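> Below is one structure. I have some questions about it.
The values are calculated or read from the model by the stated rules, or taken from the named source; none is laboratory data. Just so you know, these numbers come straight off a predicted model, no measurement behind them. Glycine gets a Cβ as well: all are built from the backbone with ideal geometry, and neighbour counts include every protein chain shown. Just the protein is used for accessible areas: all its heavy atoms, side chains included, with ligands, DNA and RNA removed. Shrake-Rupley method; radii C 1.70, N 1.55, O 1.52, S 1.80 Å.
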Amino acid sequence: MGNEKRLLWAGFMAILAAGVGFAVRGGIFGSWAGEFGFTNTELGAIGGGGFTGFCFGIVIGGMLADKFGYGKLVILAFALHVLSAVVTFMAHGAAPGSTEAVKEAAKASGYNFLFWGMFIFAYANGTLEAVANPLVATLFPQNRTHYLNILHASWPAGLILGGMVGWFFGGSWSWKVQLGTYLIPTVIYGVMFLGQKMPKSEASERGLGLGEMFKDVGIVGGLVACYLLALFFGGVIGGVIGNANVGSFIGYGIGGALLVMVGVMTKFSKGSILLFVLFITHALVGAVELGTDGWIQNITGNILTPKQGNILLVWTSIIMFSLRFCAHFIENKLGLSPVGILVVSAILACVGLNLSSHVNSFAMAMGALAVYAVGKTFFWPTMLAVASDRFPKTGAIAISMMGGIGMMSAGLIGGPGLGYAKDRFSSEELTRVNQATYEQIKSKDAKGFLVFASVNGFDGMKVDEVKGRLAKAREGDVTTEAAMAKLSTTDRQIIEAGIVGDRKTLVADSFIPAIMALIYLGILFYFKSIGGYQAVKIDAPAVPAPTGPAA
């Protein structure tokens, strides 16, 4: 074609825009809590909108990509990126001195604008990945792991730039100006894609229809996606009608109907068990990588300082950015197959999160998060490469569904789950230390998560006031310990309970990559039993010849 590298870097810039928006959002959670009074669970739900919309964008985009072409999807994504800024910027908190009724109204309105602004932003991101992932997999069929990792090096690059916005301008720019910086790479990717000729996937070139592309997904693969969609629709509908139980019932009805549609489309093909396992595992990837990324800046900023939290986000992102250019070296020089890379990554991520829960200094945090960053670096792009290598008949569909499942899991499980964990562990700790203080700081609304009991988290506005007093005590480069000594007993108890909650949240989070490591080991043994890992061609037999690295 001659424009392969331009398309690669256009996709790079598109995902970079998503990374900038994501990183800035993680840094302004505290501003939203202070302006609107959100709890951590509510912030997690808003952040979740920034994931669930991705699922719709990438799945729908993946189904339409081969039929309508990549160019039209890029135009749609560009328009949605601009629209998301308009919707998000319509959120306004109540003026100082407003009545409680006005504050509650502003909180409810702000929640809706922020949630749907994040949802539209994520839908645009998903649409772009529905273009970029199969595009790069098609352009570089002989080295997908390497080039997909290069493509997704744009994500940590975006995190670096977004983190630096918070680092340098968090104290002087409003949260709206900070968030608006993602529009700069948005304009750049629009120009880079403009007028470019796009290839078709291998499956599309061979004339496979949508039903044939879906056969490897089948009922078992569709079950994973439809379950997550049922959770999403249940939550949205339950919120609209004010009845969570009815909303959940309707959500499962929608999920069931979608699963039947997949069955009809594929003539009730069971689907590939391996692809089903990859889908389940990628749901865990989304929860631990993106769910954690959405909170890690906030968590480390609470344990240390907000500025150090920004620096640590940039630090881990630099590590990820650098390593994603090394996948070819690891695979070919060190002899690790893509699945072998994933096994090592999961172990390191588990160790890194546990180490991070014990940090009490900036140097310790840099070391612990470096281990975590190395672990999470290869998860997302390498999973996409495995699915693309092993299931070429699915065209853009399998890797688009995989990306959608990962993001939907991050939005419905990872982000809200970590927010709930922070609320629960912090509340339990403060209740243990001083019940009266907890009663003063707790939110009016109790929030639950999946099957876990509801809990009254800390009121965001009240916590923001405490953090403001801590920030004032830190003026003059005072150490955290010295600053804490200046606070009242009540303020210290609130801050310390929040830190305990953050540490316990990281430990709970580490169980996810531990489970992933066991799954990857199982997949590794499976490939050993059939002769080793190797990419499959549409006309080639499903079982590979015993060549290529086996671990």
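> Go through the range 372-395 residue by residue and tally those that are of a type in the set (A, V, I, L, M) and farther than 19 Å from F276 by Cβ.
Residues meeting the conditions: 2.
> Here's something else I'd like to know. Read through the list (1) modelled with pLDDT under 80; (2) open to solvent by 60 Å² or more (accessible area, probe 1.4 Å); (3) hydrophobic (A, V, I, L, M, F, W, C), then give the number of the only condition that F249 fails.
F249 satisfies every listed condition except (1).
> Can you pull out every residue in the range 90-117 that is in a loop (DSSP other than H, G, I, E, B), at pLDDT 85 or above and either among the small types (G, A, S) or under 22 Å from the mean Cα position of the chain (by Cα) (or both)?
Passing the criteria: only A91.
> Hey, another quick one. Given (1) within 24 Å of L231 (Cβ to Cβ); (2) at pLDDT 85 or above, identify the lone condition not met by I413.
(2)
> Tell me, which residue of the range 134-159 that is touching a Gly at 6+ places or on another chain (Cβ under 8 Å) and open to solvent by 10 Å² or more (accessible area, probe 1.4 Å) is nearest to I399 (Cα to Cα)?
Out of the qualifying residues, it is W155.
> Oh, and also: Residues to consider are I519, I494, I499, I512; find the one that is more than 30 Å from I347 (Cα to Cα) and either more than 32 Å from the chain's Cα centre (by Cα) or in a helix (DSSP H, G or I) (or both).
Going through I519, I494, I499, I512 in turn, the sole match is I494.
> Any residue in the range 385-397 that is surrounded by 24 or more Cβ atoms within 10 Å (Cβ to Cβ), at positive phi, in a loop (DSSP other than H, G, I, E, B) and not polar (S, T, N, Q)?
Scanning the range 385-397 turns up at least one residue that is surrounded by 24 or more Cβ atoms within 10 Å (Cβ to Cβ), at positive phi, in a loop (DSSP other than H, G, I, E, B) and not polar (S, T, N, Q).
> Continuing with this model, one more query. Given the options I319, I299, I341, name the one that is under 25 Å from S154 (Cα atoms), modelled with pLDDT under 85 and not basic (K, R).
I299
> Determine whether L290 is part of a helix (DSSP H, G or I), at pLDDT 80 or above and touching a helix residue (DSSP H, G or I) at 6+ places or on another chain (Cβ under 6 Å).
no
> A further question follows. All but one of (1) assigned to a helix (DSSP H, G or I); (2) touching a residue at least 40 places away in the same chain (Cβ under 8 Å); (3) of a type outside the set (G, A, S) hold for F325; state the number of the condition that does not hold.
(1)
> Further question on the same structure: Collect the residues in the range 83-93 that are open to solvent by 30 Å² or more (accessible area, probe 1.4 Å) and either at positive phi or not aromatic (F, W, Y) (or both), keeping them in residue-number order.
Within the range 83-93, L83, V86, M90, H92 meet the criteria.
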